[in-house]
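To start, the structure itself, in structure tokens.
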Amino acid sequence: GYSQMSRNGRFRGSTARTFLAEARNRPNLKVETNALASRLLFDGRRCVGVQFDQKGRQRELRAAREVIVSGGTINSPHLLQISGIGPADHLKSIGVDVVHDLPGVGSNLNDHYATRVSYRVKDLVSINEYARGLRLVGEIAKWLTTGNGALTFGVSSAQVFARSREGLASPDIQLLFSPASYSEHVFGKLDDKPG
């Protein structure tokens, strides 16, 4: 299907722009920046807060109801493990007191391999042509006046999730389709030839 993009008018959306800008005046929300979580705080086995380093100072925040760990693929399991949640044998081997033996934490991390296949096109205009010369000037004008055009496109316009073989319970391959071709040797640089 088509790839969804977060846009607010002519600008790409982000959590900061689409949520925090409006929510930051709420009395129950405080945004801390330049803060690095160092461990979760517990009352027994219940997580009640977080300890973090900010500008060389160690600080703590306590939650009234719940703590949501949202540090990404690498940092979330790392924070859980250094806080005592994870495979008990592993935690003991690195000198961390076990709060909760949860074997799945830090497991099943798979690398995100990517292979690029480009096809050249003839008699068609791809993003490659829109991104240079007078066409680019036109696209900038279109973006400034209408908020539309090639400058609002994401990297991928359509995608497919597929199974690489029969018998799999869920898809294990993601195919992304881009209306452009990219240089083989420079990440993110459009190719000189349309694709």
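The values are calculated or read from the model by the stated rules, or taken from the named source; none is laboratory data. All values reported here derive from a predicted model rather than from experimental measurement. A quick note on method: Cβ atoms are made from the backbone with ideal geometry, for glycine too, and the neighbour counts reach across all protein chains shown.
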Worksheet item: Pairs under 8 Å by beta carbon, first residue at negative phi in the stretch 170-181, partner in a strand (DSSP E or B) and surrounded by 12 or more Cβ atoms within 10 Å (Cβ to Cβ), six or more apart or different chains?
Response: GLN174/GLN159; LEU175/GLN159; LEU176/ALA158; LEU176/GLN159; PHE177/ALA158; PHE177/GLN159; ALA180/LEU190; SER181/LEU190
Item to complete: Can you tell me which residue within the stretch 79-133, out of those that are out of contact with any Lys or Arg (no Cβ under 8 Å at 6 or more places or on another chain) and basic (Lys, Arg), is farthest from ASN148 (Cα to Cα)?
Response: LYS92
Worksheet item: So which residues in the stretch 144-174 are of a type in the set (Ser, Thr, Tyr) and either closer than 23 Å to GLY188 by Cβ or in contact with a Phe, Trp or Tyr (Cβ under 8 Å, 6 or more places away or on another chain) (or both), if there are any at all?
Response: THR152, SER156, SER157
Fill in: Scan of the stretch 114-143 for residues that are over 27 Å from HIS185 (Cβ atoms) and either in contact with a Leu (Cβ under 6 Å, 6 or more places away or on another chain) or touching a residue at least 60 places away in the same chain (Cβ under 8 Å) (or both), ordered by number
TRP143
Item to complete: Could you grab me the full set of residues in the stretch 19-37 that are farther than 30 Å from SER83 by Cα and either touching a strand residue (DSSP E or B) at 6+ places or on another chain (Cβ under 6 Å) or of a type in the set (A, V, I, L, M) (or both)?
Response: ALA21
Fill in: Single condition THR73 does not satisfy, out of (1) polar (S, T, N, Q); (2) at pLDDT below 95; (3) surrounded by 16 or more Cβ atoms within 10 Å (Cβ to Cβ)
(3)
